[in-house]
1. Heavy atoms of the protein only, probe of 1.4 Å, neighbouring chains included. What is the accessible area of His42 in Å², nearest 10?
2. Extension gain Arg32-Phe101, at 0.36 nm per residue separation less the Cα-Cα distance, in nm?
3. Please give the solvent-accessible surface of Val52 in Å², to the nearest 10, using a probe radius of 1.4 Å with every protein chain present.
4. Anything over 19 Å Cα to Cα? Flag those among Lys49/Lys99; Lys44/Lys102; Lys39/Lys109; Lys49/Lys109; Lys56/Lys109, in the order listed.
Amino acid sequence: MYNIEYDEAGKQRKLQINELEEIHNGAYESSRIYKEKTKLFHEKMISRKSFVVGQKVLLFDYRLKLFPGKLRSQWVGPFVVTIVFPHDAVEISSPKTGKIFKINGHRLKPYYENFTTMDVDEIELCDLLSLEE
């Protein structure tokens, strides 16, 4: 009689362990699906940049500064693209100093110069108190 209760308890425990393992596998699978979806979303949101030789670009300066200005731009340049390598590697040169750098293309963005200013209509705002008088 004593062995029968232990056998039933053992069977019950094995069922609980199998059920727990199924729950664990389900959680693992849903985690994998979530990671795949977030990776696809992230890759879709990343803008692919392509550079051509002779194009002007700005370089992101990531180095830690002792006294960084809040409003100081972290983009330096402009630089000129001299060679475009595969896998987003780009060689740039400084027109001022003539130095040549080979860097990752993720640290670059296109430099747009000579923006044309559009005609802007100016509207003078009058004081509300002067209108009431």
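The values are calculated or read from the model by the stated rules, or taken from the named source; none is laboratory data. Everything numeric in this text was worked out from a predicted model, so none of it was measured. Each accessible area value is taken on the protein alone, full model and side chains, heavy atoms only, with ligands, DNA and RNA left out. Shrake-Rupley method; radii C 1.70, N 1.55, O 1.52, S 1.80 Å.
1. 110 Å²
2. Values: separation 69, 0.36 × 69 = 24.84 nm, distance 3.99 nm.
Taking Arg32 through Phe101 to full extension adds about 20.8 nm, to one decimal.
3. The value for Val52 is about 90 Å².
4. Working: Lys49/Lys99 23 Å; Lys44/Lys102 27 Å; Lys39/Lys109 23 Å; Lys49/Lys109 8 Å; Lys56/Lys109 9 Å.
Those over the limit are Lys49/Lys99; Lys44/Lys102; Lys39/Lys109.
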